[in-house]
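Single-structure report; data block below.
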Amino acid sequence: MRLTAITAAAVLVAGTAFADSVAPDSVTYDEYGAVEASLTGAPGDAAKGRDLMINRGKGNCIACHEVTALEDAPFHGEVGPALNGVGGYRTEAELRGIVANPKMTFEGTVMPAFYKTSGFTRPGDGYTGKAAQGEIEPILSAQEIEDVVAFLMTLQDS
Amino acid sequence: AAFAGGADDDTLTINGELEMTTKAPAPEHLDGIFDEVISGWHFRSDETQQLETDDFDNPGMIFVDQAMDEWNTAEGSEGKSCADCHGDPAESMAMVAATYPKFNEEAGELRTIQMQVNDCRVNRMGADAWKYDSGNAVSMEALITSVGRGTPVQVAIDGPAAEYWEKGKELYYTRTGILDLSCASCHEQNYGNYIRADHLSQGQVNGFPTYRLKNAKLNGIHSRFKGCVRDTRAETYSTGSPEFVALELYVKSRGNGLSVEGPAVRN
């Protein structure tokens, strides 16, 4: 009974932009850019993370990275390093930090921050070319960051 | 053909006689950045490249023909055509594409080709200005670039042009949008690399206006800039804006030494 209640709560939490996830401006990065604590407290879903990495309107990570495990999705870019095996040589905390805001790990990198809502120059409204209206949403939600990190952790063989 | 790792080694000759400089030593102001500047032609597939080697195969030349009709047609309250004042464009316009954007002393402003054409239309012909990057305007620009093909780009960046150039340079290196990318992120740091399915070039403008297979029309420089800025998830500037005029001068100066190539064919 107790267990079911907890599961139900976790589902509710994952499904909404819920209040107790860490807000983009409140994420704590360590001196190397890693983020120790989960942004939501709920575990990431690697299968959803996989889709987010391919989806052009979401992570679109393969625009810049080659990932053998995502070979079924066409056209992998070369702007960033191949991510094969990255879950083996990076910790979950490092990966969370890199996906949330890679500038904290790699100074000046071209990789965009996926969990950031301030400090932009001329932020736009999606891909319309028009100015952003109202509050800026991060490209990925807190739970989506956790999902992507969970998928990256499955990349163990290079 | 274009593969990962950069530009190919093909050479471009148009109509079997016009040899184009598609790779050139980088202009001095790019010292420490590039050794060589490279036309976007080198980053396209063999099939796309081929279309530019013959004016009968280059779909952009259809628009040049249309503009030639326009050139000879009187318009506006003065009843004059471009030809009335400028004769044969092959002679009067041969150096225009290589040297624009250019500072106009009398008007005290930097002018793109389209701005200059509109100045003639409004002030000398008594005709309407064409909307920036509209069909008519881009076709006329293509006529003017087509007669300059093969001439090395040589825009002036000193004297009164310097302040525009500085402003354009600043825009080139400013990271914009939610993706926080500058022109340099893609076209300086990553040319030769694929970004998803696109093979990144140096983002040169010597080939403009470009006929793109993707939208089957001629595309203006500012429209391309707008698309690239939009893709950083940013608020773009408008075509014809002072920002894009300055950026055009700066980007064009990065191709000083490359042949004028417009209308080029791109994917």
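Given a Förster radius of 22 Å and the C-beta distance between B:Asp9 and B:Asp198 as r, what FRET efficiency does 1/(1 + (r/R0)^6) yield to the nearest 0.05?
Values: r = 21 Å, r/R0 = 0.95.
It comes out at approximately 0.60.
Within the shell of other residues whose beta carbon sits under 9 angstrom from the beta carbon of B:Ala74, the net charge comes to -2, with Lys and Arg scored +1 and Asp and Glu -1. Note on B:Ala74 and B:Met95: the model spin-label points, each 7 Å out from Cα along the C-beta direction, lie 3.1 nm apart.
Per residue, what volume in Å³ does the Cα convex hull of segment B:145-263 take up?
Numbers: hull volume 13.5 nm³, N = 119.
Per residue, the Cα convex hull of segment B:145-263 comes to 113 Å³.
The Cβ shell under 13 Å around B:Arg44 holds other residues with a net charge of -4, Lys and Arg each +1, Asp and Glu each -1.
Kindly work out what percent of the DSSP beta bridges joining two residues of segment B:117-267 are antiparallel, to the nearest 5. Taking every DSSP beta bridge within segment B:117-267, about 70 percent pair in antiparallel fashion. Taking the helices alone, chain A has a mean residue ellipticity at 222 nm of -9000 deg cm²/dmol, built from -39,500 (n - 2.57) per DSSP H run of at least 4 residues and averaged over all its residues. Dipole of the protein assembly as shown (Lys/Arg Cβ +1, Asp/Glu Cβ -1, origin at the Cα centre): which of B:Val260, B:Thr176, A:His76 lies farthest to the positive side? It is B:Thr176. Where Lys and Arg each count +1 and Asp and Glu each count -1, what net charge lies around A:Gln143 among other residues with Cβ under 10 Å from its Cβ? Taking every Cβ under 10 Å from that of A:Gln143, the sum is -3. Computed over Cα pairs, the Kirkwood radius of segment A:27-107 leads via Stokes-Einstein (1.306 mPa s, 10 °C) to a diffusion coefficient of 118 µm² per second.
Looking at segment A:96-147, which GluC sites (Glu not before Pro) are DSSP coil and have at most 15 other C-beta atoms within 10 Å of their C-beta?
On the way: sites: A:Glu107, A:Glu135, A:Glu144, A:Glu146; in loops: A:Glu107, A:Glu135.
Answer in residue order: A:Glu107, A:Glu135.
Which shape class applies to segment A:21-158: rounded if a/c is under 1.5, otherwise prolate when a/b exceeds b/c and oblate if not, where a ≥ b ≥ c are the square roots of the Cα gyration tensor eigenvalues? The shape class here is oblate.
Remind me, relative contact order of chain B in percent, using alpha carbon pairs under 8 angstrom and six or more residues apart? Write down the numbers at each step before the final one.
Values: 518 pairs, mean separation 74.8, N = 267.
In percent, rounded to a whole number, it is 28.
In a DSSP loop and with at most 13 other Cβ atoms within 10 Å, the trypsin sites (Lys or Arg not before Pro) in segment B:124-206 are B:Lys131.
This ranking places B:Asp180, A:Asp25 by how few other beta-carbon atoms lie within 10 Å of each, fewest first, which gives A:Asp25, B:Asp180. When DSSP beta bridges are restricted to pairs lying wholly in the protein assembly as shown, around 85% turn out antiparallel.
Cβ crowding within 10 Å ranks A:Ile54, A:Ile145, B:Ile38 as A:Ile54, B:Ile38, A:Ile145, fewest other Cβ atoms first. For segment B:163-221 versus segment B:1-58, the spacing of their alpha-carbon centroids is 16 Å.
Using only the Cα atoms, work out Rg/Rh for segment A:90-130, with Rh taken as the Kirkwood radius, to two decimals. Mind showing how you got there, number by number?
On the way: Rg = 12.1 Å, Rh = 11.5 Å.
Rounded to two decimals, Rg/Rh equals 1.06.
Pairs of C-alpha atoms in segment B:1-149 farther apart than 18 Å represent 66 percent of all such pairs.
Protection proxy ranking of B:74-87, A:78-91, by the mean of other Cβ atoms within 10 Å over each peptide's residues and highest first, is A:78-91, B:74-87.
Per residue of B:228-237, count partner chain C-beta atoms within 10 Å of its C-beta, then hand back the mean as an integer. Provide the component values of the computation, followed by the final result.
On the way: counts 0, 3, 6, 3, 7, 13, 11, 11, 6, 2.
Per residue, the number of nearby Cβ atoms from other chains is 6 on average.
Of A:Asn101, A:Pro123, A:Gly44, which is farthest along the charge dipole of chain A in the positive direction, counting Lys and Arg as +1 and Asp and Glu as -1 at C-beta? Result: A:Pro123, furthest along the dipole toward the positive end. Rounded to the nearest 20, the size of the Cβ-charge dipole of the protein assembly as shown about its Cα centre is 1100 debye, with Lys and Arg at +1 and Asp and Glu at -1. Rg/Rh for the protein assembly as shown (Cα atoms only, Rh after Kirkwood) is 1.06. Under 5 Å from the amide H of B:Val260 lie the amide H atoms of B:Gly150, B:Thr151, B:Val153, each residue being 5 or more positions distant or on a separate chain, with H modelled from the backbone and absent for Pro and chain starts.
Taking every DSSP helix (H) stretch of at least 4 residues in chain B, weighting each as -39,500 (n - 2.57) and dividing the sum by the residue count yields a mean residue ellipticity at 222 nm of -9000 deg cm²/dmol.
Based on Cβ point charges of +1 for Lys and Arg and -1 for Asp and Glu, what charge dipole magnitude is obtained for chain B about its Cα centre, in debye rounded to the nearest 20? Please report the intermediate quantities before stating the final value.
Details: 23 positive and 42 negative charges, 187 e Å.
Using Cβ point charges on Lys, Arg, Asp and Glu, chain B gives about 900 debye.
Peptide A:116-122 shows a mean partner chain C-beta count of 5 within 10 Å per residue C-beta.
What's the magnitude of the charge dipole for segment A:116-158 around its Cα centre, counting Lys and Arg as +1 and Asp and Glu as -1 at the beta-carbon? Answer in Debye, nearest 20.
Values: 3 positive and 7 negative charges, 67 e Å.
Result for segment A:116-158 is approximately 320 debye, rounded to the nearest 20.
When each of the peptides B:204-211, B:109-116, B:229-236, B:6-13 is scored by the mean number of other C-beta atoms lying within 10 Å of its residues, the order from highest to lowest reads B:204-211, B:229-236, B:109-116, B:6-13.
Just so you know, all these numbers are worked out from the coordinates, no wet-lab data involved. Please read these numbers as outputs of a predicted model, since none were measured by experiment. Heads up, the Cβs are rebuilt from the backbone with ideal geometry, glycines too, and the neighbour counts pull from every protein chain shown.
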